[in-house]
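One structure is given here, and the rest of the page talks about it.
Every number in this text was worked out from the coordinates using simple rules, so none of it is lab data. Remember, predicted model here, so these are calculated numbers, not experimental data. A quick note on method: Cβ atoms are made from the backbone with ideal geometry, for glycine too, and the neighbour counts reach across all protein chains shown.
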Amino acid sequence: MELKLAKIKTDKCILSEKTFYVFTKKEYNSFSEIPPYPLLVEENEENYILIYGLQEFKHWRTHHKKIIAYVLPENLKFEDLFDKVINYHIRHHDLNHFEISNTINMLRNKNFPETDITNRFCRTLDIAPTKNMVRDYLSLQKINNRVVTFLVNKDAALKQWLIFPKIDGQSQKFLAKIIDELQPSLSSLTQLSKNIVEIAKRENKETKQVIKELKLKENIKNYSKQLALQKLREIVRNSRYPVLEKYKENISDKIKSLNLPKSIKIVPDKTMETKNFRIQISIESKQDIEESI
């Protein structure tokens, strides 16, 4: 089916159709004289219903009286409309994981059975057509909005997204505070969150209990922004791996007891997967050579 490209009056375009308001906001450097791409509208008697491009339309209508849009025929079968909209979006932006989650949630709210979602719609979304995959994506709906924005902006992998639905709402608010105040990297936040989840699972507690018992909120206040994130990760890691952290402390104490010159460093395997040590020798003078020998 060939789409008809047309210029339509903005006051003839209505926003009542919210089925496909599933896409996250995009940041554009600036809007030129035309939108970055035509919008999608559906014919509706004398008006048009906006199907795709809400963000662009809201900006466009404040500057111009007409918009450029592809016009979809009225009463298009939902499955065909779905394919048109999703494929059109993919032409301009890859679907992020939360957009896929929103789309699957929309299908569920429209009372499509799980078998239809897996057998029919997953193909268009380009994800594995399995019930487990659908349920994983639906679980992302539990994630705090600020954390969602962080994960989208950091282009997080699905396995990183799936850590956060396991964290209760109160704890996610705490993570949102960490994002805003400490600006963690993606790996720092996901590893911190994963360790909190694993401690909670091991001790059969809620994540908010773990955060409270480890006094993580207090440690944000007690340290500078530069040190707070490091301290939080250290506290949580020590709680998650107490034996390993004790072993690392013992090694560090033993190395310090050797009273080595500054030119020599003994470095254990950071992963602790082997018993190997690396010796680093820095030589800047004859004295360094003598001390090292």
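Things worth noting here:
- Alpha carbon Rg of the stretch 1-93, scaled by the compact-globule rule 2.2 N^0.38 Å: 1.02
- Taking the DSSP bridge list for the stretch 1-145 and keeping only pairs wholly inside it, about 65 percent are antiparallel.
- Length gained when the stretch Ser187-Lys58 is fully extended (0.36 nm per residue, less Cα-Cα span): 42.9 nm
- 10 Å binning of all Cα-Cα separations within the stretch 143-240, expressed as whole percents from 0 upward: 16, 55, 28, 1
- Cut-off 12 Å between beta-carbons: net charge of the residues surrounding Arg123, Lys and Arg +1, Asp and Glu -1: -3
- Length released on extending from Asn204 to Lys4, taking residue separation times 0.36 nm less the Cα-Cα span: 66.1 nm
- A simple spin-label model places pseudo-atoms 7 Å from Cα toward Cβ; at Asp80 and Asn132 they are separated by 3.7 nm.
- Whole-angstrom Cα spans of the stretch 49-186 along principal axes, big to small: 47, 44, 23
- DSSP bridge orientation in the chain - percent antiparallel, rounded to nearest 5: 75 percent
- Cα pair count fraction exceeding 37 Å, expressed as % - the chain: 39 percent
- Relative to one another, the C-alpha centroids of the stretch 97-130 and the stretch 148-202 are positioned 24 Å apart.
- Estimated from the Cβ-Cβ distance and a Förster radius of 41 angstrom, the FRET efficiency linking Ile255 and Asp94 is about 0.30.
- One decimal place: the segment Leu162-Ile283 gains 38.8 nm when fully extended, by the rule 0.36 nm per residue minus the C-alpha distance.
- Kirkwood analysis of the Cα pair distances in the stretch 80-124 returns a hydrodynamic radius of 10.9 Å.
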